[in-house]
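Encoded as structure tokens, here's the structure I'll be asking about.
What follows draws every value from the coordinates through simple rules; no lab data is involved. Owing to the predicted nature of the structure, the values given are computational and were not obtained by experimental measurement. Neighbour counts are summed over all protein chains in view; Cβ atoms, including those assigned to glycine, are modelled from backbone coordinates with ideal geometry.
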Amino acid sequence: MAKKSKTQRAKASAARAARKEQARQEEAAAAEAKKAAEDSAAATETPKRKFFKKAEKTEASASDDKQAKAQKSVEKKSEKAAAKKPKKRRFGFLKDVRSELKRVTWPTKQDVLRWSVVVVAALLFFGVYVAVLDNIIITPLLVAISGLAG
């Protein structure tokens with residue numbers, strides 16, 4: 001399988017991000033619709049019980065009870081699904097790190113060797129520079145100053 005170019009990977013990444021955003025928007029719209037349905041159901045529902053007496057169940061109230069039970073079961077399922085979402089994102093950070101590492105342009109072996117030589121050469125240069133500065137300039141200067149004072 002041929003490697004994808006950076007442009008192809010970027011386009012694929014953008015497409016994935018767009019799909020995720022669209023899914024989030026659809027979930028938000030569904031949640032708003034559900035909330036609106038719950039609000040309208042709560043507004044139309046009227047209590048039929050009287051104080052100290054049991055209400056007689058008619059066919060309409062029995063169907064309302066069934067609808068309420070069905071709605072409660074749907075709410076419980078959605079709560080369970082909402083409770084599961086954080087578990088799915090538990091390793092989301094690591095997945096994001098992995099995807100970012102795939103986007104990194106890694107240096108070639110030749111580049112690593114070249115820059116390693118540059119670093120070692122710079123360390124040697126500055127090491128010699130500090131040694132010369134310390135032994136030839138600073139130390140004799142300090143000895144001369146301390147000899148004058150004493």
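Distance in nm between label sites at Leu113 and Lys20, each 7 Å beyond Cα in the beta-carbon direction?
Label at Leu113, label at Lys20, 3.9 nm between them.
May I ask you to evaluate 6.51 cos²θ - 1.76 cosθ + 1.60, the Karplus curve with θ = phi - 60°, for each residue of segment 9-24 and list the ³J(HN,Hα) values in order in whole Hz, giving x for glycine and proline?
Per-residue couplings from phi come out as 5, 5, 5, 5, 5, 5, 5, 4, 4, 5, 5, 4, 5, 5, 5, 4 Hz.
Separation between the Arg98 and Phe125 pseudo-spin-labels, each 7 Å from Cα along Cα→Cβ, expressed in nm?
4.3
Using packing as a proxy for protection, rank 29-37, 99-107 so that the peptide with the highest average count of other Cβ atoms within 10 Å comes first. Display every interim value, and only then the final one.
Numbers: 29-37: 10.9, 99-107: 8.7.
Listed from highest to lowest mean packing, they are 29-37, 99-107.
Right, here's the next one. Starting at the first residue of segment 122-131, write each ³J(HN,Hα) from the Karplus equation 6.51 cos²θ - 1.76 cosθ + 1.60 with θ = phi - 60°, in whole Hz, x for Gly and Pro.
After applying 6.51 cos²θ - 1.76 cosθ + 1.60, I find 5, 4, 5, 4, 5, x, 5, 4, 5, 5 Hz.
Chymotrypsin sites (Phe, Trp or Tyr not before Pro), restricted to segment 85-146: which are DSSP loop and have at most 12 other Cβ atoms within 10 Å?
On the way: sites: Phe91, Phe93, Trp115, Phe125, Phe126, Tyr129; in loops: Phe91.
Hits after loop and neighbour filter: Phe91.
Whole-Hz Karplus ³J(HN,Hα) for segment 136-146, in order, using 6.51 cos²θ - 1.76 cosθ + 1.60 and θ = phi - 60°, x for Gly and Pro?
9, 10, 6, 4, x, 5, 5, 5, 5, 5, 6
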